[in-house]
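The values are calculated or read from the model by the stated rules, or taken from the named source; none is laboratory data. Note that the structure is predicted; figures quoted are calculated from it, not measured. Neighbour counts are summed over all protein chains in view; Cβ atoms, including those assigned to glycine, are modelled from backbone coordinates with ideal geometry.
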Amino acid sequence: MRRKTALIFYFCLMSAVCFSQSLSLRYFGIPFKRSDLPVRWEVLSNTLPSKVWVYKLLPNQFSRDVITNVMKLTGFTEEDKTHDGTNAIVFDYVAEARRLGFYYPWGWIEYTANGTNRGPRLIQGDPDENKLKEATLKIIEQLDISTSELSKRKTDLQPSLKYYFGESETYSNHNFITNIHGRAIEFTRSVEGMTFLGFDSGGQGRITFGQHGEIIKMDIYWRRLKPFKSHDTGSPETIIKWIREGKAVQNGIVMNELPIDWNAVKGLTIKEAAIVCFGGTSIQRSDWLMPFVALGAIVERGNGDTIKVEIDCPVYEDETLPKQP
């Protein structure tokens, strides 16, 4: 029964794969177009490279060492294996509702321990944030991921690890008890200095810890990269031209702000520019990693107010630039 359950899970999962050969910036925001839009480029330093690469995203055939390391971290043995195929290896421990899977096409390592750290009780032996970050870096090494591949903090160029936790309060035996369901450390990939954006598509990881630093959940997406084609980066003048032609998108704004009426905008001032790369989403995964430029801008509204907004724009001229309505 364990093997049948795992196989059903696996084949349902694989049937949901949707690899796209092209990507659109429309995922990030709203297209806008205005040929006479006043745009000023006031980026303090020219941080844009002269060329950018498009990368091919490939499956990750995890090595035997990586698989063995993760099995030890999560307490699985060969006897727990329920599927061993061309595209995946799956382990199940039904009695404890635990599952471990390696899914090669997505470069995905998944571990779940359902039911752990739940209920009205105080958490014991919960490590602090710094200790969890140290533990995460050690785990990353066992996954054959170099720390040089991780996004870095601007202050000291050390790996940028984000810390999250979830908790709830329960009333039991005339007392309020705070239960922390888990503390998570999240990390992202950096590709030639570009931040990887992808939402479970090949360059992110999240490890959740429970009591005494026990791993209770793991989601690592780390596909292999192959350089495909380089492109000349557009100059500031060219990027401004593309914005006016409608090839850029406006990111979201805070909820209490009125929508931007681009026909009434008096001016757009670009203050920051950084190259990032997009690899698709968990719903629409892609075989490609597409660079674009994220612009920190100030919009001067027609009523005299200003608002900060991110504008995402292509950074090279190519047939894959987003199509307009």
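So that you can scan it fast, the table gives a plain yes or no per residue for (1) surrounded by 16 or more Cβ atoms within 10 Å (Cβ to Cβ); (2) closer than 30 Å to LYS226 by Cβ; (3) in the same structural domain as ILE275 (by TED's automatic domain parsing); (4) at pLDDT 90 or above:
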| position | (1), (2), (3), (4) |
| --- | --- |
| ILE8 | no, no, no, no |
| LEU13 | yes, yes, no, no |
| SER22 | no, yes, yes, no |
| PHE28 | yes, yes, yes, no |
| ARG40 | no, no, yes, yes |
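Among what's in segment 211-243 and is basic (Lys, Arg) and buried (at least 17 other Cβ atoms within 10 Å of the Cβ), pick the residue that is farthest from LEU132 (Cα to Cα).
Taking segment 211-243 and keeping what is basic (Lys, Arg), we get 217, 223-224, 226, 229, 241.
Restricting the remaining residues to those that are buried (at least 17 other Cβ atoms within 10 Å of the Cβ) gives 217, 223.
On the way: LYS217: 14, ARG223: 24 Å.
Taking the candidates together, the pick is ARG223.
Go through (1) outside any strand (DSSP E or B); (2) under 24 Å from LEU161 (Cα atoms); (3) not basic (Lys, Arg) one by one and return the number of the condition ILE260 breaks.
(2)
What pairs come out if I take residues in segment 72-83 that are within 16 Å of LEU143 (Cβ to Cβ) and pair them with residues that are surrounded by fewer than 17 Cβ atoms within 10 Å (Cβ to Cβ) whose C-beta lies under 8 Å away, six or more apart or interchain?
If the second residue must be surrounded by fewer than 17 Cβ atoms within 10 Å (Cβ to Cβ), the pairs left are LEU73/GLN142.
Among the residues in segment 282-299, are any part of a strand (DSSP E or B), of a type outside the set (A, V, I, L, M, F, W, C) and in contact with a Cys (Cβ under 7 Å, 6 or more places away or on another chain)?
Kept after step one, since they are part of a strand (DSSP E or B), are these residues of segment 282-299: 285-299.
Cutting the leftovers down to of a type outside the set (A, V, I, L, M, F, W, C) gives us 285-287, 291, 296.
Then drop every residue that is not in contact with a Cys (Cβ under 7 Å, 6 or more places away or on another chain), which leaves 285, 291.
Looking for residues that are part of a strand (DSSP E or B), of a type outside the set (A, V, I, L, M, F, W, C) and in contact with a Cys (Cβ under 7 Å, 6 or more places away or on another chain), one finds at least one in segment 282-299, hence yes.
Output yes when any residue across segment 114-126 is among the aliphatic types (A, V, I, L, M) and at pLDDT below 85, and no when none is. Give the steps one after another, and end with the answer.
Keep residues of segment 114-126 that are among the aliphatic types (A, V, I, L, M), which gives 122-123.
Filter once more, keeping what is at pLDDT below 85: 122-123.
Within segment 114-126 (the criterion being among the aliphatic types (A, V, I, L, M) and at pLDDT below 85), the answer is yes, since at least one residue qualifies.
Condition first: at pLDDT below 95 and touching a helix residue (DSSP H, G or I) at 6+ places or on another chain (Cβ under 7 Å). Can you find one or more residues in segment 211-221 that meet it?
Within segment 211-221, one or more residues are at pLDDT below 95 and touching a helix residue (DSSP H, G or I) at 6+ places or on another chain (Cβ under 7 Å).
Can we say ILE240 is of a type in the set (Val, Ile, Thr), in the same structural domain as GLY302 (by TED's automatic domain parsing) and out of contact with any Pro (no Cβ under 6 Å at 6 or more places or on another chain)?
So ILE240 fits the description; yes.
Evaluate segment 61-72: report whether one residue or more is charged (D, E, K, R) and either buried (at least 16 other Cβ atoms within 10 Å of the Cβ) or outside the structural domain of ASP200 (by TED's automatic domain parsing) (or both). Don't jump to the end; show me each part of the working.
If we filter segment 61-72 for residues that are charged (D, E, K, R), which is where we start, we get 64-65, 72.
Okay, now just the ones that are also either buried (at least 16 other Cβ atoms within 10 Å of the Cβ) or outside the structural domain of ASP200 (by TED's automatic domain parsing) (or both), so none.
No, segment 61-72 contains no residue that is charged (D, E, K, R) and either buried (at least 16 other Cβ atoms within 10 Å of the Cβ) or outside the structural domain of ASP200 (by TED's automatic domain parsing) (or both).
Report, by residue number, each residue of segment 144-162 that is of a type outside the set (Ser, Thr, Tyr) and under 17 Å from ILE220 (Cβ atoms). Walk me through it before giving the result.
To start, the set of residues in segment 144-162 that are of a type outside the set (Ser, Thr, Tyr) comprises 144-145, 149-150, 152-154, 156-159, 161-162.
Selection gives ASP144, ILE145, GLU149, LEU150, PRO159, LEU161, LYS162.
Which one of MET218, MET255 is over 18 Å from ASP312 (Cα atoms) and out of contact with any strand residue (DSSP E or B) (no Cβ under 8 Å at 6 or more places or on another chain)? If you could, list the steps in order and put the result at the bottom.
On the way: MET218 fails: out of contact with any strand residue (DSSP E or B) (no Cβ under 8 Å at 6 or more places or on another chain).
Unique residue meeting the criteria: MET255.
Output the residues belonging to segment 92-111 that are more than 16 Å from ILE215 (Cα to Cα) and without any contact (Cβ under 8 Å) to a residue 40 or more places away in the chain.
Scanning segment 92-111 gives a single hit, ALA95.
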